[in-house]
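Undergrad: First the structure, which I've put down as structure tokens, then a few questions once you've had a look.
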Amino acid sequence: MKGAGRPPTCADVLPRSTRASLRWATVNNTARASLLAALLCFSSTAHAIQIGGITLTDLGAGVVPNAINNIGQVVGQDASGQAFLWQAGMVAPLGTLGGTQSAANDINDNGLVVGWANSASGLQHAFKYSQGAGMADLMPGVAYESVAEAANINSEIAGWIRSGSQTRSAIWYNSGPGFAPLFGNFNSKAMGINDRWQVVGVRLDTSGQPILGYYWNGISTSEWTTGYGDYYPLGGINNSGVTAGRHLSGAAYLTIGELGQNDIGSLDIYDLLAECRGLNNGGLMVGLSGDKAFLFDMTDRSLFNLNNFLPTGSPFTQLTVANDINDSGAFVGMGLVGGVQHGFVGQVTITPEPSTLALLLIATVSAAALRCFRRRRAISA
């Protein structure tokens, strides 16, 4: 019988329906309070992450992987000095435009590869490459140099052309071989373009050295902004308008649209050079600090030394730089194997910090309690 083994209480003499209602109200309020507290705490800590570990695939000595897309395709320059495409362990050399050297700088999610290649006359020409169509010269028959730096999902390509002492940012459209200079007679290089047609790049002095970065929204007239100062957007721009790069002083920086610069710090106070090389659409950035590869979480400003997560038994003794990261946490870069630089493809496993997991558990249990007692209340009614 109910209440056996303990003294009777006032609740015991109440009708069954009333006692059930009291129990529901008490537990319901407790569950609601627990759920609300958990959600409030979770909202303030949901961005905190921990690295559970990384896996690494060795691409070989002398390989420089520059970019990885969301399909897991990797492009760069191989040990012979020519552009390559890597996918699921298979390497495809992309060749040249008649010369001996080439390099792939970026690949979009449709598999369009862009970069530069030497022509038969030895000039550096921008190219695009797609499986089936092969490599195409973006500046055919032109006697000056060019480089394609980045491509968006619409196959619009950002880069630059150089004629004599003048270098100009350029966009190659997917509708034809023509290009559009962005900034008239100013010396500049376009370094990145996102799916929203925002472009970032760097302005150059007369000797070709960067003096400040720029941002262009793709709609308004092309003009220089002043918010970036001495900022060099090495890593391009993601679809949220965030850019990654470095200050000319040697500090790693990020920016958001036309907003000011944000120093992300360094792994060691003695690291004289730190720079962001790549970023994804989820707020993660990669790069180098001194001679160490790092991962940076923009949401809570956590900076991780990727060398602290080297897998047991890995041939890599040090990861020196990470060049790019995709939305799934796959990244590419270079590290030391037996004292020799090797390219690699890595995968980082990211998990919420323990406090976040605990809060998630509280929220899940509280939500389950709410559902359970709602059902019991409905039955008793």
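Undergrad: Name the residue that is farthest from Thr57 (Cα to Cα), counting only residues in the stretch 288-336 that are part of a strand (DSSP E or B) and among the hydroxyl-bearing types (Ser, Thr, Tyr).
TA: Filtering first and then ranking leaves Ser302.
Undergrad: Let me ask something else about it. Looking at Gly159, is it over 28 Å from Val348 (Cα atoms) and in contact (Cβ under 8 Å) with a residue 40 or more places away in the chain?
TA: In short, yes.
Undergrad: Separate question: Please determine, by comparing only the residues of the stretch 185-195 that are in contact with a strand residue (DSSP E or B) (Cβ under 8 Å, 6 or more places away or on another chain) and surrounded by fewer than 22 Cβ atoms within 10 Å (Cβ to Cβ), which one is modelled with the highest pLDDT.
TA: Phe186
Undergrad: Among what's in the stretch 117-140 and is surrounded by 13 or more Cβ atoms within 10 Å (Cβ to Cβ) and of a type in the set (A, V, I, L, M), pick the residue that is modelled with the lowest pLDDT.
TA: Taking the candidates together, the pick is Met139.
Undergrad: Scan the stretch 66-86 and give yes if some residue there is of a type outside the set (Gly, Ala, Ser), out of contact with any strand residue (DSSP E or B) (no Cβ under 6 Å at 6 or more places or on another chain) and modelled with pLDDT of 95 or more, otherwise no.
TA: Yes, the stretch 66-86 contains a residue that is of a type outside the set (Gly, Ala, Ser), out of contact with any strand residue (DSSP E or B) (no Cβ under 6 Å at 6 or more places or on another chain) and modelled with pLDDT of 95 or more.
Undergrad: As an exercise: evaluate Asp109 against (1) touching a strand residue (DSSP E or B) at 6+ places or on another chain (Cβ under 7 Å); (2) within 22 Å of Asn194 (Cα to Cα) and give the number of the one condition it does not meet.
TA: (1)
Undergrad: Looking at the stretch 48-90, which of its residues are among the hydrophobic types (A, V, I, L, M, F, W, C) and surrounded by fewer than 19 Cβ atoms within 10 Å (Cβ to Cβ)?
TA: Within the stretch 48-90, Ala48, Ile51, Ala61, Ile71, Ala79, Ala88, Met90 qualify.
Undergrad: Could I ask something else about it? Test Gly111 against the stated conditions and say whether it is surrounded by 16 or more Cβ atoms within 10 Å (Cβ to Cβ) and not in a strand (DSSP E or B).
TA: yes
Undergrad: Somewhere in the stretch 338-358, is a residue among the hydrophobic types (A, V, I, L, M, F, W, C), part of a strand (DSSP E or B), surrounded by fewer than 17 Cβ atoms within 10 Å (Cβ to Cβ) and modelled with pLDDT of 95 or more?
TA: Checking the stretch 338-358: at least one residue is among the hydrophobic types (A, V, I, L, M, F, W, C), part of a strand (DSSP E or B), surrounded by fewer than 17 Cβ atoms within 10 Å (Cβ to Cβ) and modelled with pLDDT of 95 or more.
Undergrad: Mind counting the residues in the stretch 304-341 that are of a type outside the set (Val, Ile, Thr), more than 22 Å from Gly192 (Cβ to Cβ) and touching a Gly at 6+ places or on another chain (Cβ under 8 Å)?
TA: 8
The values are calculated or read from the model by the stated rules, or taken from the named source; none is laboratory data. For clarity, every value in this text was computed on a predicted model and none was experimentally measured. For neighbour counting, all protein chains shown are included, and Cβ atoms are generated from backbone atoms with ideal geometry for every residue, glycine included.
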